[in-house]
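Enquirer: Below is the structure I would like to discuss, written out as structure tokens.
Please treat every number below as a calculation from the coordinates, not as lab data. Small disclaimer: the values here were computed from a predicted structure and weren't measured. Positions of Cβ are backbone-derived with ideal geometry, glycine not excepted, and every protein chain shown enters the neighbour counts.
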Amino acid sequence: MERLLVKESPLLLPLNKEKTIYDGFITVQERDFRIRILLPPDHQVKLAKLHCCWQLKQLLRGYVHIVKRRLHHSPDLVSFVLELKTVLEVALKSRTECRSIPPPKYYSQLITEMEDLGWDKLVFIDTEFRTLRLKAEDSSGRQHVVTVKLKPKHPLEAPVCTADLPVPLAMTWTAQSSLTHVHTQFLLLLESLAEFWAVLDEIDQKTWVLEPEKPSRADTMRRIVIGNNVSIKVEVNTRHPNMLPECCLLGADHVVTPLRNKLNSNMHLWNPECSVLQNLRDVLEIEFPSPATHEKSSFSVECGICYSYRLNSDIPDQVCNDSRCGQPFHQACLYEWLRGIPSSRQSFSIVFGECPYCSKPITVKCPPRNPEN
Ligand SMILES: [Zn+2]
Ligand SMILES: [Zn+2]
């Protein structure tokens, strides 16, 4: 048993011949804690008395009942010392998890890294020096920002980086990496998306975009005005932005059907060397209304039921198919309206009824549930 104790805790030794007093250190996570164990003459562990140094006392605060129970149930001193070490390990671990203030080396490291990168790149740092925002300009002059959340063990642990991007921001990180590495990788990713943003910038500048209301750099979708209550929704591919995007024409049937036919019959004209906007013009054989030629207000026609344009974030995208009417409605408004009319009928998720304006047949799908409501 003694040999086992020497193996487990070589710094804990008997002080007397009777081996009733043990004194020395136990080692947990490379830290030594002074300890003295007094055994009764019959060496019964459950009657032993334990004296700890103040560090150990502090660590074991909250674990005293566990230590006492172990002391009572351990068959011998070796198993008790082993169990005490396990309790200490748990106590040490939970303490480091609670303590979030990084060591002084963290701050000197951070300053060195910022000096390497250049302080002019820093646009924000929080009061705890844990969250940084770094700016980066791509070759087309677009401004971007990457948010870097540093771990207390930086640079041993990789920081968490986020940015307004349409693709995941995956960073490679080693213990030798620094903020300069983050910035360089971010710039490379920005360059790989330059063509994608060029396509969307052209759309944003030369057409009226109904959705998203304020596009972010992460948005891949644009709903572009074609005419009164007619629009096209395009989903631009981030990797191959000039390829034919996913398109969806929205509006009354008599306007949308001829456009859809053009899109289908002219698809072969799509030229990946040209921009998406130019291709859409060629394939649909139309000119898009632009800020240079039209006011946006002429395309943001209010819903015929609630008389507003935006309902939460929805715009009126249900249009009466009668060519003389063409009144737009919010999906939610039209659905509620039709359900309240006795002559309407519902089949699965579709309600069939009459247009509140011209009384011609109209249908609407049950709107998706809004998580905000
Ligand atoms: Zn409405
Ligand atoms: Zn109508």
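Enquirer: If neighbour count is taken as other Cβ atoms inside 10 Å, put H65, H254 in order from fewest to most.
Expert: With the fewest neighbours first, H65, H254 line up as H65, H254.
Enquirer: How would you rank 42-52, 148-158, highest first, on the average number of other Cβ atoms within 10 Å across their residues?
Expert: My ranking of the peptides, most packed first, is 148-158, 42-52.
Enquirer: Are there trypsin sites (Lys or Arg not before Pro) in the stretch 191-269 that DSSP puts in a loop and that have at most 12 other Cβ atoms within 10 Å, and which ones? Write out the running numbers ahead of the final one.
Expert: Details: sites: K206, R217, R222, R223, K233, R239, R260, K262; in loops: R217, R239.
Qualifying residues, ordered by number: R239.
Enquirer: Give me, ordered by chain and number, the residues 5 or more places off V123 or on other chains with an amide H under 5 Å from its own placed amide H.
Expert: Under 5 Å from the amide H of V123: R133, L134, K135.
Enquirer: Mean residue ellipticity at 222 nm from the helices of the chain, using -39,500 (n - 2.57) per DSSP H segment of n ≥ 4 over the full residue count, to the nearest 500 deg cm²/dmol?
Expert: -10000 deg cm²/dmol
Enquirer: Which far-off residues, 5 or more places away or on another chain, put their amide H under 5 Å from the one on L12, with H placed in the peptide plane?
Expert: Distant-sequence amide H within range of L12: F25.
Enquirer: For every other residue with a beta carbon closer than 14 angstrom to the beta carbon of M243, add +1 if it is Lys or Arg and -1 if Asp or Glu, then tell me the sum.
Expert: Taking every other residue near M243 into account, the sum is -3.
Enquirer: Additional query: Please report, in debye to the nearest 20, how large the charge dipole of the chain is about its Cα centre when each Lys and Arg carries +1 at its beta carbon and each Asp and Glu carries -1 there.
Expert: 2240
Enquirer: What's the ranking of 317-329, 351-363 by average number of surrounding C-beta atoms within 10 Å, highest first?
Expert: Taking the mean over residues of other Cβ atoms within 10 Å, the ranking is 317-329, 351-363.
Enquirer: Can you pull out the trypsin sites (Lys or Arg not before Pro) in the stretch 266-316 that DSSP calls coil and that have at most 16 other Cβ atoms within 10 Å?
Expert: Passing both the DSSP loop test and the Cβ count: R310.
Enquirer: In addition: The stretch 21-79 to the stretch 199-276: how many Å between their Cα centroids?
Expert: Cα centroid to Cα centroid, the span is 74 Å.
Enquirer: Could you state the angle between the C-alpha long axis of helix 179-192 and the longest principal axis of the C-alpha atoms of the chain, as a value from 0 to 90 degrees rounded to the nearest 10?
Expert: 20
Enquirer: Please list 187-198, 164-175 highest first by mean number of surrounding beta-carbon atoms within 10 Å per residue. Mind dumping the intermediate values first?
Expert: Working: 187-198: 16.2, 164-175: 12.6.
Descending mean neighbour count gives 187-198, 164-175.
Enquirer: Related question: On a C-alpha basis, how far is the centre of the stretch 111-153 from the centre of the stretch 298-321 in Å? Whole number, if you could?
Expert: One Cα centre to the other: 42 Å.
Enquirer: Per 0.36 nm of contour for each residue apart, how much would the distance between H73 and E235 grow if the chain were fully extended, relative to their Cα-Cα spacing?
Expert: The H73-E235 span can extend by a further 51.5 nm.
Enquirer: Then there's this: Rounded to whole Hz and in sequence order, give me ³J(HN,Hα) for the stretch 11-21 from the Karplus expression 6.51 cos²θ - 1.76 cosθ + 1.60, θ = phi - 60°, writing x for Gly and Pro.
Expert: Listing the rounded values in order: 9, 10, 10, x, 9, 10, 5, 6, 6, 10, 10 Hz.
Enquirer: Now for a separate question. Quickly work out the R61-to-H268 label distance, labels modelled 7 Å from Cα along the C-beta direction, and quote it in nm with one decimal.
Expert: About 8.3 nm, to one decimal.
Enquirer: Each residue of the stretch 101-118 in order: what ³J(HN,Hα) in whole Hz does its phi give by Karplus 6.51 cos²θ - 1.76 cosθ + 1.60, θ = phi - 60°, with x for Gly and Pro?
Expert: Going residue by residue, I get 6, x, x, x, 4, 4, 6, 5, 4, 4, 5, 4, 5, 5, 5, 5, 6, x Hz, with x marking Gly and Pro.
Enquirer: Can I ask one more? By its C-alpha gyration tensor, with a ≥ b ≥ c as the square roots of the eigenvalues, how is the chain shaped: rounded for a/c under 1.5, else prolate for a/b larger than b/c, else oblate? Write down the numbers at each step before the final one.
Expert: Details: a/c = 4.31, a/b = 2.36, b/c = 1.82.
It is prolate, given that a/c is not under 1.5 and a/b is the larger ratio.
Enquirer: Which of E273, E113, E235 has the fewest other C-beta atoms within 10 Å, and how do the rest follow up to the most?
Expert: With the fewest neighbours first, E273, E113, E235 line up as E273, E235, E113.
Enquirer: On to the next question. How would you classify the stretch 187-307 from its alpha-carbon gyration tensor, with a ≥ b ≥ c the square roots of the eigenvalues: rounded for a/c under 1.5, else prolate if a/b is greater than b/c, otherwise oblate?
Expert: Cα axes put the stretch 187-307 in the oblate bin.
Enquirer: Considering amide H positions built from the backbone, and no H for Pro or chain starts, which residues 5 or more places from I226, or on another chain, come under 5 Å of its amide H?
Expert: Result for I226 returns S231, I232.
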